[in-house]
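Here is the structure we will look at.
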């Protein structure tokens, strides 16, 4: 996968939506959409399109182009929470708050 810009990505995404428009409209025998998760993914990209290229369009903000640092941070949080698996919901919530706030 190569590097792209907003204009190219938007036009490719629009073409993809048009190509699979009928597929995404398919419904099951109960009248529900068959491909709900895929529809949700398309809707998420549509909704977040204005901010997808913020990191590239505003280099002065020094935003990372990946989520690697977030993934690493959340992996540490999850491993610390896993130790407390038997806690009741309210107590677990307090543990998580302390981990995020550093208290």
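Kindly indicate which of 43, 37, 56 is surrounded by 10 or more Cβ atoms within 10 Å (Cβ to Cβ), out of contact with any helix residue (DSSP H, G or I) (no Cβ under 9 Å at 6 or more places or on another chain) and assigned to a helix (DSSP H, G or I). Before you say what the answer is, go through the steps one by one.
Numbers: 37 fails: surrounded by 10 or more Cβ atoms within 10 Å (Cβ to Cβ); 56 fails: out of contact with any helix residue (DSSP H, G or I) (no Cβ under 9 Å at 6 or more places or on another chain).
Checking each option against the conditions leaves just 43.
For the range 2-20, what are the residues that are modelled with pLDDT under 95 and surrounded by fewer than 10 Cβ atoms within 10 Å (Cβ to Cβ)?
Result: 2, 3, 7.
Does residue 27 satisfy the criteria of being under 22 Å from the mean Cα position of the chain (by Cα) and over 15 Å from residue 6 (Cα atoms)?
Working: under 22 Å from the mean Cα position of the chain (by Cα): no; over 15 Å from residue 6 (Cα atoms): yes.
Here the answer is no, as residue 27 does not meet what is asked.
The values are calculated or read from the model by the stated rules, or taken from the named source; none is laboratory data. Owing to the predicted nature of the structure, the values given are computational and were not obtained by experimental measurement. Cβ coordinates were reconstructed from backbone atoms using ideal geometry, including for glycine residues, and neighbour counts include every protein chain displayed.
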